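Chemist: Dropping a structure here in structure tokens format, bear with me for questions.
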Amino acid sequence: MLLKIELIYMIQIEESKIIEAAEKGMDEFLKLFTDSYLEALGGDITNENITMLNGYQHTLLALRFFIEEVNEGGFVQLIQNGYGGYVLDNPTAKSLKLIGAKKFSKILYKAKDIYEKHRTELERETNEEEFMAMYEQFEQFDELEESFFYVEEEETLIVAQYVDDNIEDFAEIV
């Protein structure tokens, strides 16, 4: 009988780059990690490479997609750009709660409820006109997006502090 042992590849980041990014602020600090993850994944998450990251790394990467997409075009854009399943179907909300980002977690749990009820409609292929119409069709995301903008800086700081305090879970520092 053969035992299958999977080793998770730990992303390596140079200490000098971490120091430099941290000096630029929490956003750059977190971006350094997620940029490193995306580089290791070849630019995108696939079924073939998804096991290269551990749960902490997936949480941080999902957070990046959450923040970037909601800032640019809200939950409709997040879902239409293909990140709905990755951010909302995975335990991202639970993980963020455990990290201490409880307000982000609450927003994601509420967004997941909407997503699950309307998944087929939200994920369907659209042209630009149909895409824009989705913002009116799914106004229930508006309140969540407003809440997000209100707490984004505070919650991102909580996550950055957690990463800094538990850095070995997020990357191997070389």
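Chemist: About the Cα centre of segment 1-151, what is the dipole size in debye to 20, counting +1 per Lys and Arg Cβ and -1 per Asp and Glu Cβ, all else neutral?
Modeler: 960
Chemist: Over the chain, what is the relative contact order in percent, taking alpha-carbon pairs closer than 8 angstrom and at least six residues apart?
Modeler: Across the chain, relative contact order equals 31 percent.
Chemist: Here's another thing I want to ask about it. How about segment 115-174: which GluC sites (Glu not before Pro) there lie in a loop by DSSP and see at most 14 other Cβ atoms within 10 Å?
Modeler: Glu125, Glu139
Chemist: Restrict the search to segment 110-152; then list the trypsin sites (Lys or Arg not before Pro) that DSSP places in a loop and that have at most 14 other Cβ atoms within 10 Å of their Cβ.
Modeler: Arg124
Chemist: For segment 122-174, state what percent of all Cα-Cα pairs lands in each successive 5 Å bin, counting from 0 Å until the bin that includes the largest distance.
Modeler: Spelled out per bin, shortest first, that is 4, 16, 14, 12, 11, 11, 12, 11, 7, 1.
Chemist: Provide the per residue accessible area, probe 1.4 Å, for segment 30-149, rounded to a whole number of square angstrom.
Modeler: Normalised by residue count, the accessible surface of segment 30-149 is 52 Å².
Chemist: A follow-up question, please. To test your reading of the geometry: what angle, between 0 and 90 degrees and rounded to tens, separates the Cα axis of helix 15-24 from the longest principal axis of the chain?
Modeler: The angle comes out near 40 degrees.
Chemist: Using a probe of 1.4 angstrom, how much of the accessible area of the chain is carbon and sulfur, in percent?
Modeler: 49
Chemist: Using only alpha carbon pairs under 8 Å that are at least six residues apart, calculate the relative contact order of segment 60-133 and give it in whole percent.
Modeler: After rounding, I find 28 percent.
Chemist: Another one. Holding the Cα-Cα limit at 30 Å, pick out from Lys17/Lys110; Lys31/Lys97; Lys94/Lys117; Lys31/Lys110; Lys31/Lys94 the pairs that are longer than that.
Modeler: Lys17/Lys110
The values are calculated or read from the model by the stated rules, or taken from the named source; none is laboratory data. Bear in mind that the values here come from a model prediction, so they are computed numbers and not experimental data. Note: ideal-geometry Cβ built from the backbone for every residue, glycine included; neighbour counts use all protein chains shown. The protein model used for the area step is the full one, side chains on, heavy atoms only, and it has no ligands, DNA or RNA in it. Shrake-Rupley method; radii C 1.70, N 1.55, O 1.52, S 1.80 Å.
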